[in-house]
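Report on the structure given below.
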Amino acid sequence: PKLARLKMSVVLTSEWTENSPLSKAEWLKFFGLIVGKETLAESLFNDKVKRYEDLRAKLDSLLQNEKRPVVMTGTPSSGTWYASPGKSFMANLIHDAGGEYLWHEDSSVASFSLPFEKAFADAQKAEMWLNPGAAKNMQEIYARDSRVERLPVWKSREIYEYDLRKGPEGGIDFYESAVVKPDSLLLDVAKML
C-alpha cells in the first residue's frame, strides 16, 4: 500500500520457492529484464552456472569414494519436527555440497513435517544439523524440546545456523545472496561439510 501511494510499480517474485540453487539464480535474468540489463544478467547467470557446476564437479570428484556426511535440518515444535522437504532447495544444496540429506527420500517440495519420535529415530544417523529454526543459541533449541540433547549431533555440537550475516533490516544474507551467488553458497556449505 505504501508503494502504491507513491505510484511505484510492484512486482511479486517467488524465487524463494525454487528447489535448487541454480533455478533460484536464474531469477537474475528476470531482474535483468525488468531493469533493462538483459544481456548483462544473462552473462552473470551463465558465469554463475559455470562456476557452480565446476565446483560441484570438483566436490563429486573429491567425494567419489568417500562417505558423505548425513545432514539434517529443521526444528521441533509441539511434538512435530519441521524440516526441509526431500526435493527442496536446501536438500539439493546439501547434496551438491557433498552431503547426504537425512530425508532425501521424501518426495515433497513445499513442506515436510513428521512426528518428533520418527525424526528423533532418523536423526540418530545425522552427523550435522543445519538450520535449527532461527535459534540464537543451543538453549533456545533445548527450550523447544529438551529431548534434542540426546541426539548424537547435539553431543558433537555440529549444529549450524546460517544467520551470521544480516542486513540492516534483519534479512538473512544466506537467503538474500542465494539468488546472485549460488557458487559462493555452495562453497560455504561444502566447507562446513
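Once region 137-155 is narrowed to residues that are under 18 Å from Ala121 (Cβ atoms) and without any contact (Cβ under 8 Å) to a residue 60 or more places away in the chain, the residue that is least open to solvent (accessible area, probe 1.4 Å) is Leu151. For the subset of region 86-127 comprising residues that are at pLDDT 95 or above and of a type in the set (Lys, Arg), which member is least open to solvent (accessible area, probe 1.4 Å)? Only one residue tops the list, namely Lys118. Scanning region 172-193 for residues that are at pLDDT below 90 and open to solvent by less than 30 Å² (accessible area, probe 1.4 Å) yields Phe174, Ser177, Ala178, Val179. Region 97-193 holds helices (runs of 4 or more DSSP H) entirely within its bounds, and those carrying 2 or more residues that are in contact with a Pro (Cβ under 8 Å, 6 or more places away or on another chain) map to 116-122, 138-144, 182-192. The criterion of being farther than 16 Å from Asp183 by Cβ and open to solvent by 100 Å² or more (accessible area, probe 1.4 Å) does not hold for Leu63. A single member of Ser84, Ser43, Ser111, Ser88 is more than 18 Å from the chain's Cα centre (by Cα) and of a type in the set (S, T, N, Q), and it is Ser43.
Restricting Ser43, Ser84 to residues that are among the hydroxyl-bearing types (Ser, Thr, Tyr) and outside any loop (DSSP other than H, G, I, E, B) narrows the list to Ser43. Of all the numbered requirements in (1) within 20 Å of the chain's Cα centre (by Cα); (2) modelled with pLDDT of 95 or more; (3) basic (Lys, Arg), Lys37 misses one, and that requirement is (1).
The values are calculated or read from the model by the stated rules, or taken from the named source; none is laboratory data. Quick caveat: nothing in here was measured; it's all calculated off a predicted structure. Heads up, the Cβs are rebuilt from the backbone with ideal geometry, glycines too, and the neighbour counts pull from every protein chain shown. When the accessible area is computed, the model is the full protein with side chains, heavy atoms only, and any ligands, DNA or RNA have been set aside. Shrake-Rupley method; radii C 1.70, N 1.55, O 1.52, S 1.80 Å.
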